[in-house]
1. For segment 513-569, rounded, prolate or oblate, judged on the Cα gyration tensor with a ≥ b ≥ c (square roots of eigenvalues), a/c < 1.5 rounded, else prolate if a/b > b/c?
2. For Asp10 and Ala685 in the same chain, what is the full-extension length gain: residue separation times 0.36 nm, less their Cα-Cα distance, in nm?
3. Whole-Hz ³J(HN,Hα) for each residue in segment 195-201, computed from phi via Karplus 6.51 cos²θ - 1.76 cosθ + 1.60 with θ = phi - 60°, x for glycine and proline: what do you get?
4. Starting from the Cα gyration tensor of segment 466-562, multiply each eigenvalue by 5, take the square root, and state the resulting semi-axes largest first in whole Å.
5. Suppose R0 equals 41 Å; then what is the FRET efficiency for Met239 and His402 from their Cβ-Cβ distance, rounded to the nearest 0.05?
6. As a check on your grasp of the helix formula, calculate [θ] at 222 nm for the chain: sum -39500 (n - 2.57) over DSSP H runs of n ≥ 4, divide by the residue count, round to the nearest 500.
7. Evaluate the relative contact order of the chain (contact order divided by residue number), counting alpha-carbon pairs under 8 angstrom at least 6 apart; express in whole percent.
8. When the scattering of segment 1-61 is computed by the Debye formula from its Cα atoms alone, each counted once and equally, what is log10 I(q)/I(0) at q = 0.19, 0.20, 0.22 Å⁻¹?
Amino acid sequence: MTKKTIEIIDIKVLRGPSMWTYRPVLEAWVDIGDLEDCPSNTIPGFTERLCAWLPTLIEHRCSYGERGGFIKRLEEGTWPAHILEHVTLELQNLAGMPGGFGKARETNKRGVYKVVVRAWHEKITKTALYHARDLVMAAIEDRPFDVPAAIKEIEDLVDSLYLGPSTGCIVDAARERRIPSNRLSEGNLVQLGYGNKQRRIWTAETDSTSAIGEGISRDKDLTKTLLAACGVPVPEGRMVDSASDAWEAAQDIGVPVVVKPYDGNHARGVFTNLSTQVEIEKAYADALKEGSGVMVERYIPGNEHRLLVVGKKVVAAAKGESAWVKGDGKRSIRDLINEEINTDPRRGDAEILPLSPVLFDTMLELELSRQNLTIDAIPTIGQEVLVQRSGNMAFEVTHLMHPDVAEQVALAARVVGLDIAGVDLVAQDISRPLEEQGAAIVEVNAGPGLIMHLKPAVGEPQPVGAAIVEHLFPDGANGRIPIVGVTGSRGKTMVAQMVTHLMQLTGLKVGLACSKGAFFNQRLQTTGNCANWTSANRILLNRQVEAAVFENDSRTILNEGLAYDRCTVGIVTSLDPNDTVPECAIVEPEHIYNVMRTQVDLVLPSGAAILNADDEAVAKMAELSDGEVIFISKYGQNETTQKHLQQGGKAIFTENEKIVLAHGPDKTVLTNISSIPVLQSSSKAHALENVLAAVGAAWALNIPKDIIVAGLQTYN
């Protein structure tokens, strides 16, 4: 009996760097059974069916490194696990996720593969993986498959689970600056940076956004009072408590007026250019539905603008424009709106779209009544009908902004008390000072949307994400704390504890996660084996942590990934070729090498890898480090350290019963081996190489030599 199917037998979520890549991935173990004997070129019509369903696979370069490379592999013959990898990635792409990393590798069991794909969100990628499996099987068996339905399901998950565009652009800008990010909730709460260097964002709000400022911004009347007191131009107006009071206020102010909720947002319930009692009283009732009170204020002629303030300056400006339909003598206004305006692909309710649709609501009814029209009226040929006065703040005008306008708007944000604000301004011409044209600021909003600046309907996108990141991390700051990662076949725990001890002597508050528990500032926080992703991640979330040390064994790297994206110091103590992990299909020396090299791959260019020169496999990892390399040897200067020193490198070794630090031709005796208590009391054969590794980390961290000696003499 044959078994020609693709069975997903296990899925691992690697939430950090692993032997595969720097980014989170799903590692799916799949069993293709007897399909092992059926490469793609042996299945009649398979490639044609697959490419008909997913024509964009032509963009996959695969091992050929050229457009159409994957299609060439299909035609030459490749196996279902490899195909599953590419189809999973393409389904994610078509659903709106960024492209990503993918690999398919055989295990030591026939027909069983590891399929690894970039996982921007675990649930989304799992769903894409299962749909990809079903699609590939349908192509193999020549039966129908509903590709649009599969993409729609993934797309819906992307809309509900993936970062929104405003948060996403900030995270992307942080990634460009090599600032680490960590999503803290299923919403848009994200941590940028680690430990005490971290900052947090929630959409376009930050951990510096004032709760008082946010509260003021929701109270439109209070906002206007404070702005007026500081000389910022605002429209005259007041709160009203009934429809009749709204009409009375309008008469006092002078029509036309604006009626709006005093604590609303997103322009909901805002009615402009109202002149009659019927209009104003009807607008009052609708505005009240969108807030807990209603304001009436003077109508300012001109175009609506939204200006984004970050820190103390305006970084982007967008202008709103009205929406019109032109009659053809045949179609009603309703049909013209549906067929001429709302079919525009830039319009819709989705957050990623720059233009909002024209809604058939009270606002439209009022707008048409002013023109003596109804929604079902048929305009004459060429007759222009205004159907939406606002709601299209998507025309980029930053380059037109007058310095006086920028100054007044930035002042408004400071008066309210917001570090990031969306300021609504009505002006006829943003390139002229406000006062000379009777313009005014009508609202100051906390947590402004950024999509209008990222994807304007007209004009160039503005780098607002980068501006917010610069505000959070000025002058090139990267949000990083010193991180030391320790791996190897032996000695990891002792090295991690000793490095922590040496760092604490400098006054740093250090977090440690190792097999003996999780510690902060010498206090045990969690008992048991904490050499894992969860414990390390908790330490990096702690705002008090100034430095961190993590022990990582091969199973942690294989089953979870590492909790940090890069490290200041990466230590590999040793590599035992027999230290295999059969349950993870790590059974050969080169396999375990690829696992442990992960720690060296993560070393920052400004950091250092501490490598055991007495272990040939570990010493070979020197070529992988982006930072400098410090070799250690308990047998004096061996061939590896000598060559390294001749090239101007650094090494730590023993000589005449002393520990010596060498940099190129220069040598410094650190201390006598006999003066280190742990070496006198330890029964471990490799205690000396552990001490040397800890010294190497301390040297790389620029800890003064006298403190290193004191730490060695006091470590217990």
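Please treat every number below as a calculation from the coordinates, not as lab data. The model shown is predicted, which means the values in this text are computed figures rather than measured ones. Positions of Cβ are backbone-derived with ideal geometry, glycine not excepted, and every protein chain shown enters the neighbour counts.
1. oblate
2. Full extension of this stretch gives 239.1 nm more.
3. Each residue of segment 195-201 in turn: x, 6, 9, 6, 10, 10, 10 Hz.
4. Value: 25, 16, 12 Å, ordered largest first.
5. Given R0 = 41 Å and the Cβ-Cβ separation, E is 0.80.
6. -10000 deg cm²/dmol
7. Taking the mean separation of contacting Cα pairs over the length of the chain, I get 11 percent.
8. -0.98, -1.00, -1.01
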